[in-house]
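Just so it is clear, none of the values below were taken in a lab; they were calculated from the coordinates. These numbers were taken from a predicted model, which means no experiment stands behind them. Note that we place each Cβ from the backbone using ideal geometry, even for glycine, and neighbour counts take in every protein chain shown.
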Amino acid sequence: MSELSNLPSQQDAIVAALALYPARPFAVSDIGSQTGWLKAAGHDPRNLYVSGPMGLATSVALGLAAVRPNEQVLAIAGDGALAMNLTSLATIAGAKPSNLSILLVDNRVYEFTASVPTPTKDLDWLAVGRAFFGEAQCLRLSELTAERWAGVERPAMIVADVAPAPGKPPALGMTPAMIRAEFLGAARR
């Protein structure tokens, strides 16, 4: 794990990915780590903190991209969560939403379950993303600039290799009703 200690945190990766956009995108995060780290990276009413079964951020983000075609949407998924919903990548590739991207944060563990290794810990997520979206549409976060990202056709995927966190992310501090009310308010604007 020592080579992983030089990697950015999930929070830093989320901040860096959001900074690639000229205007704040809608951000849909998976349950657990991604939700906690998205909020810690900067709460925004355009954040949709998904709860319930793991792996739904990409599916929910696809629905949001469909109803908000003039807005950019970023799904934030963990490696363990996305492994539970790989079929969403096929659906996204087939639908071809021109406003949807996925940030895959790969820390190789289930952070909320005592950092148990994911079954995908050795999976090449860059190759997976390229198989669904194409080589030019799946890039490493460490190689991206805002200028380069602006020219990437969507749907696209950003792979962020991140260090496992030393502990759980900060608590969300919001009820599902609060999340819904804030998000609906932002979506009405």
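Each other residue within a Cβ distance under 13 Å of Asp122 adds +1 if Lys or Arg and -1 if Asp or Glu, for a net charge of -2. Residues whose amide H lies under 5 Å from that of Leu48, counting only those 5 or more places away or on a different chain, are Ala27, Val28, Ser29; hydrogens are built 1.01 Å from N in the peptide plane.
Show me 146-157, 8-19, 32-43 ranked by packing, highest mean number of other Cβ atoms within 10 Å first.
32-43, 8-19, 146-157
Please figure out what share of the DSSP beta bridges in the chain is antiparallel and state it in percent, rounded to the nearest 5. Rounded to the nearest five, the antiparallel share is 10 percent.
Rounded to the nearest 500, the helix-only mean residue ellipticity at 222 nm of the chain stands at -10000 deg cm²/dmol, with each DSSP H run of n ≥ 4 adding -39,500 (n - 2.57). Using C-alpha pairs under 8 Å with a sequence gap of at least 6, the mean separation divided by the residue count of the stretch 2-187 gives a relative contact order of 28 percent.
Could you order the peptides 158-168, 74-84 from most to least packed, using the average number of other C-beta atoms within 10 Å per residue?
Highest to lowest by the protection proxy: 74-84, 158-168.
Using the Cα gyration tensor of the stretch 23-97, with a ≥ b ≥ c the square roots of its eigenvalues, what is the shape: rounded (a/c below 1.5), prolate (a/b larger than b/c) or oblate (neither)? Oblate. Across the stretch 99-104, coupling constants 3J(HN,Hα) worked out from phi with the 6.51/-1.76/1.60 Karplus curve, θ = phi - 60°, read 10, 10, 9, 10, 9, 9 Hz, and Gly and Pro carry x.
Compute, for the stretch 2-187, the length of the dipole vector about the Cα centre, with Cβ point charges of +1 (Lys, Arg) and -1 (Asp, Glu) only. Units Debye, rounded to 20. The partial results should precede the final answer.
Working: 13 positive and 16 negative charges, 94 e Å.
Using Cβ point charges on Lys, Arg, Asp and Glu, the stretch 2-187 gives about 460 debye.
The alpha-carbon of Lys168 sits under 20 angstrom from the alpha-carbons of these lysines, leaving out residues fewer than 8 places away in its chain: Lys39, Lys121. Along the axis of the charge dipole computed for the chain (Cβ charges of +1 for Lys and Arg, -1 for Asp and Glu, origin at the Cα centre), the listed residues Ile179, Trp125, Asn107 are led at the positive end by Ile179. In terms of Cα atoms, the Rg and Dmax of the chain work out to 15.1, 46 Å.
Here Ala181 and Ala66 are evaluated by their C-beta separation; at R0 = 30 Å the FRET efficiency comes out at 0.85. Put simply, the amide H of Gly78, placed in the peptide plane, has neighbours under 5 Å in Asp30, Val105, leaving out anything fewer than 5 places away on its chain.
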